[in-house]
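I have placed the structure first, in the form of structure tokens, so that the comments after it can refer back to it.
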């Protein structure tokens, strides 16, 4: 399978949208299953990109480019995946906490989670604890992910965890946090289940939480 989908996997790694889309359509025309394309080329391609980001071989602009290419390919495959066994890893509700409008890192994590097989509900920025709770309930979230770039806004993360507990959801969802001022020690302190120092690490942690 890896040889068959080598060029498509490489197109994702290279961030070549036109070639990726053309190869996806060609594979579908030849009778390939959407899930086979996803698992044989798209996911492995993004996995390589994630590893390169973690090792410092590539940087956010390149990762974003590959993630957008992956997103475009997923959009084409999603209706076909929905018809079969999509093999989804679960639903992630993700957002930047109340009072904080930074979203580049959060959006990158969201795209890479989507590329890894999660259904991602990106709530945007400035999300209140009540909005996180409502979205988790509405979408049956497996994971709630919170991002913050300001030290003044990271206390909202603990407030959101408390709100999830008050709503009776804390035992049903895993909570992940991230952002420049966030550390593993802070995650432990507020009772979060996971922390990602970067997008690649966040995806790895999310996958480990749903195993």
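Mind listing whichever residues of segment 132-145 are surrounded by 17 or more Cβ atoms within 10 Å (Cβ to Cβ) and either in contact with a helix residue (DSSP H, G or I) (Cβ under 9 Å, 6 or more places away or on another chain) or not in a helix (DSSP H, G or I) (or both)? Once the filter is applied, which keeps residues that are surrounded by 17 or more Cβ atoms within 10 Å (Cβ to Cβ) and either in contact with a helix residue (DSSP H, G or I) (Cβ under 9 Å, 6 or more places away or on another chain) or not in a helix (DSSP H, G or I) (or both), segment 132-145 yields 132, 133, 136, 141, 142, 143, 144, 145. Going through (1) more than 12 Å from the chain's Cα centre (by Cα); (2) in a helix (DSSP H, G or I); (3) crowded, with 18+ Cβ neighbours inside 10 Å one by one, residue 114 falls short only on (1). Within the bounds of segment 82-93, is there any residue that is assigned to a helix (DSSP H, G or I) and under 25 Å from residue 174 (Cα atoms)? The answer is yes, given that some residue of segment 82-93 is assigned to a helix (DSSP H, G or I) and under 25 Å from residue 174 (Cα atoms).
Residues being out of contact with any strand residue (DSSP E or B) (no Cβ under 6 Å at 6 or more places or on another chain), free of Cβ contacts under 8 Å to residues at least 24 places away in the same chain and either part of a helix (DSSP H, G or I) or surrounded by 22 or more Cβ atoms within 10 Å (Cβ to Cβ) (or both): count how many of those fall in segment 167-188. Final tally of qualifying residues: 2.
Every condition in (1) within 26 Å of residue 131 (Cβ to Cβ); (2) part of a loop (DSSP other than H, G, I, E, B); (3) outside the structural domain of residue 197 (by TED's automatic domain parsing) is met by residue 31 except one, and the failing one is (1). What's the number of the condition residue 156 fails, among (1) buried (at least 22 other Cβ atoms within 10 Å of the Cβ); (2) assigned to a helix (DSSP H, G or I); (3) touching a helix residue (DSSP H, G or I) at 6+ places or on another chain (Cβ under 6 Å); (4) at pLDDT 95 or above? Residue 156 satisfies all of (1) buried (at least 22 other Cβ atoms within 10 Å of the Cβ); (2) assigned to a helix (DSSP H, G or I); (3) touching a helix residue (DSSP H, G or I) at 6+ places or on another chain (Cβ under 6 Å); (4) at pLDDT 95 or above except (3). Any chance segment 192-202 includes a residue that's out of contact with any strand residue (DSSP E or B) (no Cβ under 7 Å at 6 or more places or on another chain) and at pLDDT 95 or above? No: zero hits.
Test residue 71 against the stated conditions and say whether it is farther than 21 Å from residue 109 by Cα and free of Cβ contacts under 8 Å to residues at least 60 places away in the same chain.
Details: farther than 21 Å from residue 109 by Cα: no; free of Cβ contacts under 8 Å to residues at least 60 places away in the same chain: yes.
Criteria not met by residue 71.
Yes or no, residue by residue, for (1) under 19 Å from the mean Cα position of the chain (by Cα); (2) surrounded by 14 or more Cβ atoms within 10 Å (Cβ to Cβ):
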| site | (1), (2) |
| --- | --- |
| 10 | no, yes |
| 18 | no, no |
| 27 | no, yes |
| 48 | yes, yes |
| 60 | yes, yes |
| 65 | yes, yes |
| 75 | yes, no |
| 80 | no, yes |
| 97 | yes, yes |
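The values are calculated or read from the model by the stated rules, or taken from the named source; none is laboratory data. On a predicted model such as this, the values are computed, not experimentally measured, just so you know. In this analysis, Cβ positions are derived from the backbone assuming ideal geometry, glycine residues included, and neighbour counts consider all displayed protein chains.
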